[in-house]
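Below is one structure, written out as structure tokens; comments come after it.
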Amino acid sequence: VKTILQTFFKATIHILKESKEPKLLTFILKALSKYMPYLTPLPKVATSMLTTLTSLWSASLDSSEDYQVVRLNAFLRIRQLALTQPFPFIEECLKKTYLAYAKRAKFGTASSVTSQLPTLTFMGNCVVELYSLDYHTSYQHAFVYIRQLALHLRTALQKKTPESFQAVYCWQYMHCLKLWTAVLTASLTVIDDNDGDDMELESARPDEAKLLRSLVYPLAEVLLGVARLVPTTRHLPLRFVCVRLLQQLASASEMLIPTTSILLEVLELKEIHMKPKRIKGRSTTR
């Protein structure tokens with residue numbers, strides 16, 4: 001039976017890789033829902049299936065409505081793998097999906113708002129959903145990736161070169177900050193919902209969610225550092241985005257995160273107090 005299952009899943013993976021028709025991919029992904037639990041005795045095949053599903057979920061070649069259905073069903077199968085496969089397979093799911101999101105975030109620029117941003121927002125919601133399945137495991141991954149963002153910021157503060165600034169002031173970095181804010185906010189919502197219940201003993205899920213609460217402070221420090229990294233009028237929109245993310249964290253965690261000073265510093269920029277310059281142009285005669 002194991003050999004038959006292995007042949008079946010390998011053939012399915014091959015079809016998913018080679019097929020370009022969204023309707024066929026959707027049909028296969030929906031039909032796979034009944035067979036995903038049978039991947040348990042085949043860890044290597046399960047990893048290969050996860051890689052293929054992640055590629056379909058994060059594909060950048062097609063942003064049509066039909067392919068959005070493929071993305072949704074690919075994510076449902078990824079989520080099913082995370083739930084049905086024995087630990088630590090969920091760690092591989094969390095890692096691959098976040099790295100795929102970060103890779104795709106490079107293309108979420110202002111010029112591609114209409115085409116790329118909806119897909120990126122959907123992918124971000126998917127990552128938040130995955131990181132809410134196992135908060136204990138999610139804490140370990142979130143700690144590592146938030147620390148990576150902090151290291152990029154520290155390098156920019158120390159070197160102060162255009163290259164180091166560019167590593168922080170880019171769309172990929174900002175989308176990742178937005179994602180981790182959403183992940184922490186979602187976990188804090190679970191804690192608040194549980195606190196309102198009249199229960200003698202709290203469930204393990206809210207207790208595990210409190211682990212992510214400890215990451216609010218380091219993420220807030222990163223956001224504050226990014227907002228003040230290059231205090232120029234050119235980067236004012238980025239500063240306002242950081243303030244919005246900080247306020248979301250403060251609202252969800254019910255902590256005081258001061259953002260007034262960041263906004264008031266805008267009024268101290270020299271460009272604000274400069275007199276308007278007259279533009280020399282060709283005079284017109286009446």
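The values are calculated or read from the model by the stated rules, or taken from the named source; none is laboratory data. Everything quoted here is computed from the prediction, not taken from an experiment. Here the Cβ is made from the backbone with ideal geometry for all residues, glycine too, and neighbour counts use every protein chain on show. For the accessible areas, the whole protein counts, side chains as well, though only heavy atoms, and no ligand, DNA or RNA atoms are used. Shrake-Rupley method; radii C 1.70, N 1.55, O 1.52, S 1.80 Å.
Values as computed for the structure displayed
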read-out: Inter-residue pairs, beta-carbon under 8 Å, first more than 18 Å from SER55 (Cβ to Cβ) and assigned to a helix (DSSP H, G or I) and in the stretch 25-39, second open to solvent by 20 Å² or more (accessible area, probe 1.4 Å) and not small (Gly, Ala, Ser), 6+ apart; value: SER33/LEU76; SER33/ARG77; SER33/GLN80; PRO37/THR84; TYR38/LEU5
read-out: Neighbours by Cβ (under 7 Å, 6+ apart or cross-chain): first from the stretch 1-19, part of a helix (DSSP H, G or I); second at pLDDT below 90; value: none
read-out: Residue in the stretch 203-214 that is at pLDDT below 90, more than 30 Å from LEU81 (Cβ to Cβ) and not in a helix (DSSP H, G or I) present; value: no
read-out: Condition check for LEU219: assigned to a helix (DSSP H, G or I), closer than 25 Å to SER164 by Cβ, touching a Lys or Arg at 6+ places or on another chain (Cβ under 8 Å) and touching a residue at least 60 places away in the same chain (Cβ under 8 Å); value: no
read-out: Residues of the stretch 30-47 classified as in contact with a helix residue (DSSP H, G or I) (Cβ under 7 Å, 6 or more places away or on another chain) and either of a type in the set (Gly, Ala, Ser) or open to solvent by less than 20 Å² (accessible area, probe 1.4 Å) (or both), total; value: 7
read-out: Enumerated helices (runs of 4 or more DSSP H) restricted to the stretch 113-180, each holding at least 3 residues that are modelled with pLDDT of 95 or more; value: 113-131, 135-159
read-out: All positions within the stretch 158-176 that are open to solvent by 50 Å² or more (accessible area, probe 1.4 Å) and touching a residue at least 24 places away in the same chain (Cβ under 8 Å); value: PHE165, TRP171, GLN172
read-out: Residue satisfying condition, being among the hydrophobic types (A, V, I, L, M, F, W, C) and surrounded by fewer than 15 Cβ atoms within 10 Å (Cβ to Cβ), within set LEU130, LEU99; value: LEU99
read-out: Qualifying positions in the stretch 9-29 - open to solvent by 50 Å² or more (accessible area, probe 1.4 Å) and aromatic (Phe, Trp, Tyr); value: PHE27
read-out: Single residue of the stretch 238-275 satisfying the filter (of a type outside the set (A, V, I, L, M) and open to solvent by less than 20 Å² (accessible area, probe 1.4 Å)) that is farthest from CYS170 (Cα to Cα); value: SER253
read-out: Of residues in the stretch 68-80 being modelled with pLDDT under 95 and open to solvent by less than 20 Å² (accessible area, probe 1.4 Å), the one nearest to ALA11 (Cα to Cα); value: VAL70
read-out: Meets criteria (open to solvent by 10 Å² or more (accessible area, probe 1.4 Å), within 29 Å of HIS136 (Cα to Cα) and either in a helix (DSSP H, G or I) or hydrophobic (A, V, I, L, M, F, W, C) (or both)) for LEU50; value: no
read-out: Among the residues listed as SER63, SER58, the single one being under 26 Å from LYS103 (Cα atoms), modelled with pLDDT of 90 or more and surrounded by 13 or more Cβ atoms within 10 Å (Cβ to Cβ); value: SER58
